[in-house]
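See structure below.
The values are calculated or read from the model by the stated rules, or taken from the named source; none is laboratory data. None of the values given here were measured: they were computed from a predicted structure. Neighbour counts are summed over all protein chains in view; Cβ atoms, including those assigned to glycine, are modelled from backbone coordinates with ideal geometry. Keep in mind that these areas ignore ligands, DNA and RNA; they rest on the heavy atoms of the full protein, side chains included. Shrake-Rupley method; radii C 1.70, N 1.55, O 1.52, S 1.80 Å.
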Amino acid sequence: MSTNPLVSIVIPVYNGSNFMREAIDSALAQTYPNIEILVVNDGSTDDTREIALSYGDKICYFEKENGGVATALNLAVHEMKGEYFSWLSHDDWYTPDKVEMEIRALQAGGDMNRAVYSECDFVSWPDGARWPTGCSRFGRDLAEVGWFAVIMGLISGCTLLIPKAYFDIYGGFDASMRAVNDYEQWFRMFKDKKLVYVDKSLVGSRVHEGQVTSTYQGMRDEEDRMYAWMLEELQQVDTEASGIGHYQLYSMKLSQWVDTPGLDRVRATLIRFLRDMDEPVVPAYIETDENWYVYCAGRAARRFIRNLRWRGISVSAVSDSNPARWGTDVDGVPCIPPEEIPRDARVIVANAQPDAVMAQLRDQGFSHVESYQDWQRALLMTPIKKSCCEVLA
């Protein structure tokens, strides 16, 4: 491959006149010198065509009948001239150095036949709230293991840079899936590969009510079928080579998915696997004799409490800034006012955006404050105890 290989930035669009200018402009603003931009209009009925054509020969423009994002991506893969594929959703945007940083990361690693992905900032629209993907919470070593990055949901598709040769080997996106064809594709491509991970946010991913993941009623059923298939496929993968046994992995996924509506196949598959396996003997990663307090009394708190309980660890209490929650139970643990927590206790903030809450608690004098994301690797390395798990005991 050349020193500066051609990179094809692919932008599939369906009725994207609301955001697509920002996406195209961010592609044109790349500091990497050798790119082409392919915009595929997937049968839009708004003024997507007029907006795209206004860019003239700065982009390569294609039109097709509406068939879903998979068909638009497959058309772009067929038409692209680049050695690398880089997907950009019409409602997302790249930082100016996205492509350059990923090409340089490949060059630094010495193997140009690997796929690259990076951190991503999810941005709520229209309020602008941000939160990162947090791919590094399990450590770089695991973030670069292909099957692990996919099954743990670390990869945001628009952060990827993929050799075109992968599509020649594995084929295109499955058009029979409307919402999860990207993750099905990544698993087929990456399950036996080492990835390159860039620990920097290179993509802004807009979260809004008009996305397929929010509007498609068959979303959960597709997820259920796909993840059950992935789990069956993982039975044939030597996960131990990456330092993670199947029992540990299934433990983590069961506690994550046990109360997620619609994932019946996934739960049944995980329970079947875990019941048939012996609990492994592994080093202790978590001290069990500490007093644990969880702050924020939402869904993440319930999941974290369950994660600890299934590993034989009790939570002393939960707290929250909302007085309406005080005196209630969160997964069987009492919720108390913050002033009742000892200031030297270990306090775990169970919130998707924990930084502001953690800063507030430290200002209030709490000396040992962490986020539940900080504990993901320790939980992964500490398998659940069957005697402590309600669905396995």
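Annotation: lysines with alpha-carbon distance below 22 angstrom to LYS385 (same-chain offsets under eight excluded): LYS253.
Of ILE384, MET80, ILE24, which is farthest towards the positive pole of the chain's charge dipole, taken about the Cα centre with +1 and -1 on the beta-carbons of Lys, Arg and Asp, Glu respectively? It is ILE384, whose Cα lies furthest towards the positive end. Between the Cα long axis of helix 69-79 and the first principal axis of the chain there is an angle of about 40°, rounded to the nearest 10. Determine the percent antiparallel among the DSSP beta bridges restricted to the stretch 1-135, to the nearest 5. In the stretch 1-135, approximately 15 percent of DSSP beta bridges are antiparallel ones. Take the Cα radius of gyration of the stretch 309-349 and divide it by 2.2 N^0.38 Å, N being the number of residues; the result is 1.17. The charge dipole of the chain, taken about its Cα centre with unit charges on the Cβ atoms of Lys, Arg (+1), Asp and Glu (-1) only, comes to about 660 debye. Amide H contacts of VAL330 (H built 1.01 Å from N, in plane; Pro and chain starts excluded): CYS335 sit under 5 Å, all sequence-distant by 5 or more or on other chains. For the chain, a Gaussian network of Cα nodes joined below 10 Å ranks ASP276, ASP46, ASP199 by mean-square fluctuation, and the top entry is ASP276.
Taking the Cα centre of the stretch 1-51 as origin and assigning +1 to Lys and Arg Cβ atoms and -1 to Asp and Glu Cβ atoms, the resulting dipole is close to 160 debye. Residue farthest toward the positive end of the dipole of the chain, with Cβ of Lys/Arg at +1 and Asp/Glu at -1: which of ILE59, PRO33, MET152? Highest projection toward the positive end goes to MET152.
In terms of its C-alpha gyration tensor, the stretch 43-142 has an oblate overall shape, because the principal axis ratio a/c (a ≥ b ≥ c, square roots of the eigenvalues) is not below 1.5 and a/b does not outweigh b/c. Loop-located GluC sites (Glu not before Pro) across the stretch 170-253 with a Cβ neighbour count of 13 or fewer within 10 Å are GLU209, with loop assigned by DSSP.
A convex hull fitted around the alpha carbon atoms of the stretch 259-388 yields 118 Å³ per residue.
Can you pick out the pairs among LYS58/LYS200; LYS164/LYS194; LYS191/LYS386; LYS81/LYS200 whose Cα atoms lie more than 18 Å from each other? From LYS58/LYS200; LYS164/LYS194; LYS191/LYS386; LYS81/LYS200, over 18 Å: LYS58/LYS200; LYS191/LYS386; LYS81/LYS200. For the residues ASP174, ASP182, ASP111, a GNM of the chain with alpha-carbon springs under 10 Å puts the largest fluctuation on ASP111. Computed over protein heavy atoms with a 1.4 Å probe, the accessible surface of the stretch 239-393 works out to 46 Å² per residue. Restriction of the trypsin sites (Lys or Arg not before Pro) in the stretch 22-114 to DSSP coil positions whose beta-carbon has at most 10 other beta-carbons within 10 angstrom yields LYS81. What do you get for the angle between helix 98-109 and the principal long axis of the chain? Use alpha-carbon atoms, 0 to 90 degrees, nearest ten. It is inclined by approximately 80 degrees. Please give the Cα centre distance for the stretch 136-206 versus the stretch 276-298, rounded to the nearest Å. Computed from Cα coordinates, the inter-centre distance equals 29 Å.
Principal-axis analysis of the Cα atoms of the chain puts helix 181-190 at an angle of about 90° to the longest axis. Is the C-alpha gyration tensor of the stretch 111-151 telling us rounded, prolate or oblate? Criteria: a/c under 1.5 is rounded; beyond that, a/b larger than b/c is prolate, otherwise oblate. Prolate shape, in that a/c is at least 1.5 and a/b is the bigger ratio. Between GLU233 and ILE286, the simple spin-label model (points 7 angstrom out along Cα→Cβ) gives 2.9 nm.
Starting from the Cα gyration tensor of the stretch 81-208, take the square roots of the eigenvalues, sort them a ≥ b ≥ c, and report rounded, prolate or oblate (rounded when a/c is under 1.5, otherwise prolate if a/b is larger than b/c, else oblate). The shape class here is rounded.
Note on the chain: antiparallel DSSP beta bridges, both residues inside, total approximately 25 percent of the bridges counted. Charges were assigned to the Cβ only: +1 to each Lys and Arg, -1 to each Asp and Glu. The resulting dipole of the stretch 84-132 about its Cα centre is roughly 160 debye. Our summary gives the chain a relative contact order of 13 percent, counting only alpha carbon pairs under 8 angstrom and 6 or more residues apart.
DSSP beta bridges in the stretch 265-393, what fraction antiparallel, as a percent rounded to 5? Percentage antiparallel, nearest 5: 10. Rounded to the nearest angstrom and listed largest first, the equivalent-ellipsoid semi-axes of the stretch 160-319 from its Cα gyration tensor are 31, 22, 18. For the stretch 85-131, carbon and sulfur atoms together expose 56% of the accessible surface, with a 1.4 angstrom probe and every protein chain in place. Contact order, relative form, for the stretch 214-339: 18 percent (alpha carbon pairs under 8 Å, 6 or more residues apart, mean separation divided by residue count).
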